[in-house]
Amino acid sequence: MKIAVIGGGIVGTLIARLLSFYEADVTLIEKENDVGWGVTKANSGIIHAGYDDEPGTLRASLVVPGNEAYTQLQKDLDFPFMRVGSHVLAFNESDLKTLEELYKRGEKNGIKGMKILDREEVLSMIPKVNPDVKASLYAPSAGIVIPWRVALSASDNFVMNGGKLALGERVVDIEVSGGRVRKVITDKNEYEADVVINASGLFADEIAKMAGAESVPIHPRKGEYILLDTQEYTNYVLFPTPSHGSKGMLVVPTLSENTLIGPNAVDLPPDKKGDVSTTESGLKEVHEGAKKLIPSIKLNKVLRTFAGLRPESPQRDFFIKESEKVWGFINVAAIRSPGLTAAPAIAEYVVEELLQQRLKINLQKKREYIKSIKSIQKVSRLSIEDWAELVRKDERYGNIICVCNRVTEGEIVEAVKRGARTLDSVKFRTGAMCGPCQAARCAMKIAKIISREAGIPIEEILLNADGSNIAVGKVRP
Amino acid sequence: MERIKCVRCPLGCMLKVKVTKDGIEVEGNRCPRGEEFALQEIENPMRILTTSVRVSGGVLPLVSVKTSGAVPRDKIKELMDHIKSLEVEAPVKIGDVIEKNVLNLGVDLVATRDCDEK
Amino acid sequence: MKRVEVVVVGAGAAGMAAAKGAAENGAHVLLLDNENWVGGILQQCIHNGFGVHRYKEELTGPEFAERLKKEIPSDVEVMTGSFVHKIFPEEKKLIVISRRGIEEIHYESMVFATGAREKTFQSLLIPGTRPVGIYTAGQAQRMINIDGYLPGKRALVLGSGDVGLIMARRMHLEGMEVIGVVERLPYPGGLRRNVKQCLEDFDIPLYLSHTVVRVEGFPRLEKVIVAKVDGKFSPIPGTEKELKVDTLVVSVGLVPVKKLLAKFVDVESGILVSNSGQTSVDSIFAAGNVTTIFDLVDYVANEGEKAGKNAALYAKGKFEGKRIPVKKGEGVKVLHPKWYDPSDPLSVYLRVSRPMERAVVRIGKYEIEAEDLTPAEMVHVEIEPPCEDEIVVSVTEV
Ligand SMILES: Cc1cc2nc3c(=O)[nH]c(=O)nc-3n(C[C@H](O)[C@@H](O)[C@H](O)COP(=O)(O)OP(=O)(O)OC[C@H]3O[C@@H](n4cnc5c(N)ncnc54)[C@H](O)[C@@H]3O)c2cc1C
Ligand SMILES: Cc1cc2nc3c(=O)[nH]c(=O)nc-3n(C[C@H](O)[C@H](O)[C@H](O)COP(=O)(O)OP(=O)(O)OC[C@H]3O[C@@H](n4cnc5c(N)ncnc54)[C@H](O)[C@@H]3O)c2cc1C
Ligand code: SF4
């Protein structure tokens, strides 16, 4: 059985990982130079509790199990994740009504531990909250995650089990004959395939069309963010009470000890799937929105700004379904928010329900496969004794390269061993270059390590995409 | 009257220079070098050039250099083109003369740092 | 575990001078730096203009570093490649990470001299894409002068501080096309001498009262949109201009690197010190750009040397610092030091809040006349005032 998974986002990598436990020949195809650089890279990073979705929708049925699955998934894949809890803040009577509805919906969806807190309780948990707050819906099961780390670990695990990873290859066509998928064609190679899983995020409609399969139109909805170099505002994820289906502007602590504010929501035409630029009005809107929750939020500690694109479709539910026109083609499309949360459950659903049950593919578990991996040690989080022990074994763990975030040469070398060839690949694996100097002091040192370890000349080292060479030539060629 | 910034040292005095029939009158200088500078700046501006020279076999790809004295400003381009063609072998010591009397300008090209052998 | 009298954190100009000052006053000194060399930022500043005050000679950055290094007594222990990870001021110890291992250092007194880092483009909230090709000036400087690589072919510089001006010239000389320098202030941010030798000499235009409002291009920078600004630095609609460049070099100021100590000592933008270099914690001294951003390395070295001397005296129980407040009066934007300790002359460094042609600088009861003051150029005055309750420093235009 030959299976091609298109798209190395959180969804595609988790599906590929699960498939790698079975006797199958699986190829994961990703157009970017690393996994996790699509929608998975730029979002709020929240593992939602799951009270937003109407019971009965596919989303509702996948979000709560997805949330629960994170406990085990973190043990297996060793990525940063913490159930910090979330508050939906209510400021008026109509908000209070909405909180009640959310609470009831959450109960129906099977969420445990939710509480509606009164003003005093909210103030004691979030001292800097807007004092006009009336109540909050507190959900202890909500968490925060570093989403690309899930994708990276899943893909590493997939490769360890013999999966084939094709990075930097764009799918340009899918060959179908006799009503079945036959081949996936990229700009560099061709892959025979009995089953094609379309997990290509924003581009899922275009991929489906290549196969002549059913598709839902997808357009990007931009969300801009400001990342602040402080965690002084809140230890919990804060939402305003939702109105008109939008979650509004949030204040989110991150696992790199920063605070994320945003996102706004601006619909873009379908031909703008690459437009992740920020705008003046958007950044203003983000700041104003965040101040409604925490009035004291200032922009004096800005680390950076960025934007992500939600893959939106007219039907608001996920579109996860085997094609009725083309046997073997499976859409995992329109994975909008809370797609991160649902992703582990989506992977399970695709493999167990769609492949095994509906397509009647009898996948056999491998006799031996690896299910849990260790990610790269973050040595600065170790105790001094453990760190010292590590340096005794390998002196490179005593060489600090990224001074802002204390990332050592040892960690960077390990990232290169695990396939990192670009600066962004090292950044997403190690947390280097994310601090207040935003790579100004360490980018070149990291480039030199990649160059030495992987044998690539400095001029050929990329920041991320092809053409993003960090140097154009030598001063004295 | 002309206003000229003295570049002999980082104090950068704003010189007020008057050209008279017997030479020039200078005001605003905090030291005598200012006057000298003003005269030169009017007749023939001179600059010290700093840049780098390629090193072979060194721990660094380049060694920083300077001209041992000021050179005419309009020779800088020609001088840079010449320097770009040079190469020295490691080790280089700070103060080493990389090339004597470059382009016959009457100044030497001098290393401003050490570069050890690899 | 290691025990020293004076530990110096950071071996740039301030730290090297501090090590010298401390050792010459009889202390057992340890000098630490994370780079594999001493000299700090000086090593990448290959242009001339260093040392005119201290050495009465115009040196390049690396030459200045070499001079200062030679002055450090040989009994100073120097550890490069050593990163100070944590400081415990109460226990007077710090933790150092290096390839040789992780070590605890116990000290009697410390000189903190970690310098400054550059403000980043990302922190300015300028909208647009996030392409390759945007570098801080110091980053571009290191890339070109030390590593020997060119960041691009056609560049614009944002910010006319000295580092920005120097980099405009450097890129021009090394064969890049530099199409201009953009500055939001109505006057240049750097020394006048640098405006002349770095821009005017090479006909590089300086756009005053302008800023960058947007960047475009992915994955490489393609366009920078600049606009005129009004008196509040807000872009004036309709004045936007599109500039095609593949490189944007950003020099918009320096930020003292103070995180390690910020929780323990009084800080404003930098670490606050007296004219003896003492912080609000008796055993901790600080000097150089981590205290305030100095124009000239000569000032940095002098302040470092003094802090080193006093740290040595403190370690031997012979120093008791006083802290008489030195306060900002009218016309003063930046003022250093925060306190006056009569055991040393009072070296005042200040930046005026706006350009002034003729002015009177008042330091307590003293008055000094000055000419041609701009915020870009630090004013330095040394006096020995009597002990008072406080000393107010002001500058009035006349
Ligand atoms: C990396 C590094 C390199 C150094 N290199 C040198 C060197 O080569 N030579 C040397 O003598 N010393 C150097 N020093 C030390 C030096 O002494 C500095 O302290 C220097 O004086 C500070 O100048 P600056 O250009 O960095 O910043 P500043 O003098 O603060 O200049 C920044 C300018 O940008 C402007 N600006 C800010 N925001 C905007 C905006 N949005 N739009 C437009 N303009 C804006 C500001 O108004 C200001 O004028 C260096 C220090 C470091 C950390
Ligand atoms: C602003 C914003 C906030 C969000 N906040 C949250 C949140 O807090 N919590 C939550 O649970 N969810 C959140 N989401 C949703 C979540 O981020 C997404 O649902 C999830 O990341 C989708 O993952 P994916 O794998 O489907 O898509 P992607 O990560 O985009 O993966 C698809 C991959 O396919 C690749 N690809 C596309 N075309 C091709 C081709 N032709 N050939 C080869 N490869 C191709 C792409 O490069 C990409 O890597 C948010 C989304 C956004 C935009
Ligand atoms: S006149 Fe003297 S003090 Fe003034 S800038 Fe020239 S050399 Fe320096």
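Going from the chain on its own to the full set of protein chains, the range C:131-145 has these residues losing 50 Å² or more of accessible surface (heavy atoms, 1.4 Å probe, no ligands, DNA or RNA): C:VAL132, C:GLN139. Distance between the 7 Å Cα→Cβ label points at A:GLU280 and A:GLU175: 5.3 nm. Sorting B:MET46, C:MET110, A:MET160 by solvent-accessible area of protein heavy atoms yields A:MET160, B:MET46, C:MET110, largest first, with a 1.4 Å probe. Annotated for the range A:40-182: lysine pairs at least 8 residues apart or interchain, Cα distance under 20 Å, count 7. For chain C, a Gaussian network of Cα nodes joined below 10 Å ranks C:LEU124, C:LEU296, C:LEU243 by mean-square fluctuation, and the top entry is C:LEU124. Its Kirkwood hydrodynamic radius, worked out from the mean inverse distance over all distinct Cα pairs, puts chain A at 23.3 Å. At a probe radius of 1.4 angstrom, the accessible area of the range C:70-112 per residue rounds to 43 square angstrom.
Zone of A:ASP271 (label point 7 Å along Cα→Cβ, backbone N under 16 Å): which residues in the range A:160-184? Counting only backbone N, you get no residues. Taking the Cα centre of the protein assembly as shown as reference, the dipole from Cβ charges on Lys and Arg (+1) and Asp and Glu (-1) amounts to some 1200 debye. Rounded to the nearest percent, how much of the accessible area of the protein assembly as shown (1.4 Å probe, protein heavy atoms only) is carbon and sulfur? The computed percentage sits at 49. Residue-normalised convex hull volume from the C-alpha trace of chain C: 145 Å³ per residue. In this simple spin-label approximation, A:ASN300 and C:VAL281 carry label points 7 Å from Cα along the Cα→Cβ vector, and these lie 2.2 nm apart. P(r) tail for the protein assembly as shown: Cα pairs beyond 41 Å make up 46% of the total.
Between C:GLU71 and A:ILE116, how high is the FRET efficiency from 1/(1 + (r/R0)^6) when r is the Cβ-Cβ distance and R₀ = 60 Å? Nearest 0.05. My answer for the efficiency is 0.30.
Within a Cβ distance under 10 Å of C:GLU305, other residues only, what is the Lys/Arg minus Asp/Glu net charge?
The answer is +1.
Take the Cβ atoms of C:LYS318 and A:GLU395, set R0 to 30 Å, and the FRET efficiency comes out at 0.15. By a 1.4 Å probe calculation restricted to protein chains, A:LYS298 has an accessible surface near 110 Å², given to the nearest 10. Solvent-accessible surface of protein heavy atoms, probed at 1.4 angstrom with all chains present, puts C:ILE179, B:ILE83 in the order C:ILE179, B:ILE83, largest first. Using Cα springs under 10 Å in a Gaussian network model of chain C, which residue among C:LYS119, C:LYS153, C:LYS263 shows the largest mean-square fluctuation? Per the Cα network of chain C with a 10 Å cutoff, C:LYS263 tops the list. The Rg/Rh ratio for the range C:166-316, using Cα coordinates for both the radius of gyration and the Kirkwood hydrodynamic radius, is 1.11. When chain B is treated as a Gaussian network with alpha carbon springs shorter than 10 Å, the biggest mean-square fluctuation among B:ARG33, B:ARG73, B:ARG47 belongs to B:ARG33.
Less than 5 angstrom separates the built amide H of C:VAL245 from those of C:LYS223, C:VAL224, all sequence-distant by 5 or more or on a different chain. Taken over chain B, the alpha-carbon convex hull comes to 110 cubic angstrom per residue. Rolling a 1.4 angstrom probe over the protein heavy atoms with all chains in place gives chain A an accessible area of 39 Å² per residue.
Chain B and chain C together bury an accessible surface of about 2800 square angstrom, both sides counted, with a 1.4 Å probe and no ligands or nucleic acids included.
Take the Cα of C:GLU330, step 7 Å toward its Cβ, do the same at C:GLU397, and the gap between the two points is 1.2 nm.
Summing +1 for each Lys or Arg and -1 for each Asp or Glu, what net charge is found among the other residues whose Cβ lies under 13 Å from the Cβ of A:LEU354?
For residues surrounding A:LEU354, the net value is -2.
Across q = 0.11, 0.21, 0.26 Å⁻¹, the range C:322-398 modelled as identical point scatterers on its alpha-carbon atoms has Debye log10 I(q)/I(0) values of -0.24, -0.84, -1.24, in the order of the q list. Taking every protein chain into account, the accessible area of the range C:182-289 amounts to 40 square angstrom per residue (probe 1.4 Å). Interface between chains A and C: roughly 3900 Å² of accessible area buried, both sides summed (probe 1.4 Å, protein heavy atoms only).
Here the dipole of the range B:50-111 is about 160 debye; that uses its Cα centre as origin and unit charges on the Cβ of Lys and Arg (positive) and Asp and Glu (negative).
The values are calculated or read from the model by the stated rules, or taken from the named source; none is laboratory data. Here the structure is a predicted model, which is why all the values come from computation and not from measurement. Ideal geometry is used to build each Cβ from the backbone, glycine not excepted, and the neighbour counts take in all protein chains shown. Accessible surface is based on the protein model in full, side chains and every heavy atom, while ligands, DNA and RNA are left aside. Shrake-Rupley method; radii C 1.70, N 1.55, O 1.52, S 1.80 Å.
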